[in-house]
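The values are calculated or read from the model by the stated rules, or taken from the named source; none is laboratory data. From a predicted model like this one, the values you see are computed outputs, not experimental measurements. So basically every Cβ, Gly included, is an ideal-geometry build from the backbone, and we count neighbours across all protein chains shown.
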Amino acid sequence: MSALGRILAWYRGRGSRERAMLATMALLLAAFAWWYGLLWPLRALRDGTEARHDRAAAALQAIEAEVAALTASGAAVPPPSGGEALQRRILDDVRDAGLAPSRQRSAADGAFVLEFERVGSAELFGWLGGLAGHGLAPSSLRVERADGQLRAEVGFGGVAP
């Protein structure tokens, strides 16, 4: 006789009152396992998800407000048209950001290109974000990972790819 057969034979040997008590106990144990094994973790996940959603919605509203403010004041500082004025302004911004380009050159299409070796992502993208505040944006950007940092080539002016 298998284990299940023995359990069923034992259960059938109980009185009707004992069987009702055992069934109630099994039902309560199943409800306990269902509540604490399934519903409790799902509720915790839901609460965490709601909190992350609220933070993301607040961040989105803040960013939209900043974009609206930048759009409203965007015409205040015209970017330099090109040439040496553009290069001076970009190099001043690089220096102010604490970055040091490993190489600077003029490309065949007239673009001013800065190359950075071993630069941190926060510094590089912070500098690029600061340029956007001055109404400047690179016409080309190539970024590669190198030894836990970044190697970047940033071009301004010329023909955008």
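Numbers for the structure displayed
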item: Residue match in the range 70-77 (condition: on the phi < 0 side of the Ramachandran plot and in contact with a Gly (Cβ under 6 Å, 6 or more places away or on another chain)); result: yes
item: Cβ pairs under 7 Å, 6+ apart, first in the range 141-154 and β-branched (Val, Ile, Thr), second surrounded by fewer than 16 Cβ atoms within 10 Å (Cβ to Cβ) and in a strand (DSSP E or B); result: Val154/Leu141
item: Check on Met1, more than 20 Å from the chain's Cα centre (by Cα), at pLDDT 95 or above and either farther than 30 Å from Gly129 by Cβ or assigned by the TED database to the domain that holds Ala132 (or both); result: no
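Quick grid of which residues meet (1) in a loop (DSSP other than H, G, I, E, B); (2) exposed (fewer than 14 other Cβ atoms within 10 Å of the Cβ); (3) at pLDDT 85 or above; (4) in contact with a Cys (Cβ under 8 Å, 6 or more places away or on another chain):
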position: Val67; (1), (2), (3), (4): no, yes, yes, no
position: Leu70; (1), (2), (3), (4): no, yes, no, no
position: Gly74; (1), (2), (3), (4): yes, yes, no, no
position: Pro79; (1), (2), (3), (4): yes, no, no, no
position: Arg95; (1), (2), (3), (4): no, yes, yes, no
position: Pro138; (1), (2), (3), (4): yes, no, yes, no
position: Val154; (1), (2), (3), (4): no, no, yes, no
